[in-house]
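Peer 1: Pasting a structure here, questions to come.
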Amino acid sequence: MIWPRRTISLAVCVVVVAGCSSRTSAPLPNAVKRSGGVYHLVRAGENLYRIGKAYDVPYTELARINGLKDPAHIRIGQRIFIPGATQPVPVEVVTPLEAVSLPDAEAFQDDAASSLMWPVSGLINSTFGPRGASFHDGIDIAAPEGTPILAIDKGEVVYSDRLRGYGNMVIIRHAGGLISVYAHNETNLVREGQHVERGAIIARVGSTGRVTGPHLHFEIRKNNAAQDPLRYLPQLCCLPASDNLPPRG
């Protein structure tokens with residue numbers, strides 16, 4: 001069969017365009033996609049525990065899947081497969097270093113801490129510290145869905161996105177090496193790189209991520225190490241301690 005010259009030219013063009021398109025694809029800069037997950041590229045300061053916490057996968061499971069005999073030893077540039085992940089996560093930003101315990105409360109009364117405000121009003125139903133076999137890096141403040149969440153001080157938004165386990169999360173960097181974290185939000189109202197003032201509405205209380213009801217998971221970090229937020233925030237002066245910090249059953 002003899003095809004018209006115009007038809008032949010069109011077929012050739014289609015083949016050429018398709019070939020060029022396949023050569024322009026490039027892998028993600030921080031992770032390489034694979035069916036059922038992504039490969040995370042290890043960076044300086046990361047360990048398997050922090051990587052697992054960022055992606056909400058137990059580090060023991062990551063060690064098993066990746067055939068790591070010693071989970072304590074991974075190297076910069078190593079690829080760690082993260083099952084179920086759909087995009088790379090900035091581990092250094094979203095996961096704190098080990099909690100640092102400072103016995104003297106006066107150590108927290110510096111200029112940076114004295115200006116802080118509560119991010120939301122509500123009942124504290126989970127405090128900072130060990131939680132079973134894990135560690136709770138902040139406090140949980142129960143509040144109605146949609147309640148405005150306020151920035152505890154002025155600063156720069158360094159993360160505003162959805163994170164598995166934590167749901168919608170905002171992280172703000174403040175002066176004096178302080179960082180504040182707001183998670184399980186119904187919606188985030190700020191973007192990365194944005195500068196916010198003290199008291200600005202940055203999100204709304206929600207129940208995204210792994211939760212049983214609407215509340216704010218709130219953290220304070222000093223030089224990226226988790227701290228007890230209750231030692232930084234102003235004391236709740238007008239309610240009995242039993243109303244502010246109910247015992248956990």
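Peer 1: Please name all residue pairs, on different chains or six or more residues apart, with Cβ atoms under 6 Å, provided the first residue is in segment 86-99 and is in a loop (DSSP other than H, G, I, E, B) and the second residue is modelled with pLDDT of 80 or more and charged (D, E, K, R).
Peer 2: T95/R50; T95/K53; P96/D137; P96/R221
Peer 1: Can you say whether Y166 is modelled with pLDDT under 95 and of a type in the set (S, T, Y), as far as the supplied structure shows?
Peer 2: yes
Peer 1: Select, from G177, G206, G167, the only residue that is buried (at least 22 other Cβ atoms within 10 Å of the Cβ) and of a type outside the set (D, E, K, R).
Peer 2: G206
Peer 1: Still on this model: List pairs: first in segment 129-149 and over 21 Å from I171 (Cβ atoms) and assigned by TED's automatic domain parsing to the domain that holds P58, second part of a strand (DSSP E or B) and modelled with pLDDT of 95 or more, Cβ under 9 Å, 6+ apart or cross-chain?
Peer 2: Taking only residues 6 or more apart or on different chains, not a single pair turns up.
Peer 1: Separate question: Inside segment 144-172, can you point out the residues that are out of contact with any helix residue (DSSP H, G or I) (no Cβ under 9 Å at 6 or more places or on another chain) and among the basic types (K, R)?
Peer 2: The one that is out of contact with any helix residue (DSSP H, G or I) (no Cβ under 9 Å at 6 or more places or on another chain) and among the basic types (K, R): R162.
The values are calculated or read from the model by the stated rules, or taken from the named source; none is laboratory data. Please read these numbers as outputs of a predicted model, since none were measured by experiment. Positions of Cβ are generated from backbone atoms using ideal geometry, with glycine treated the same way; all protein chains shown enter the neighbour counts.
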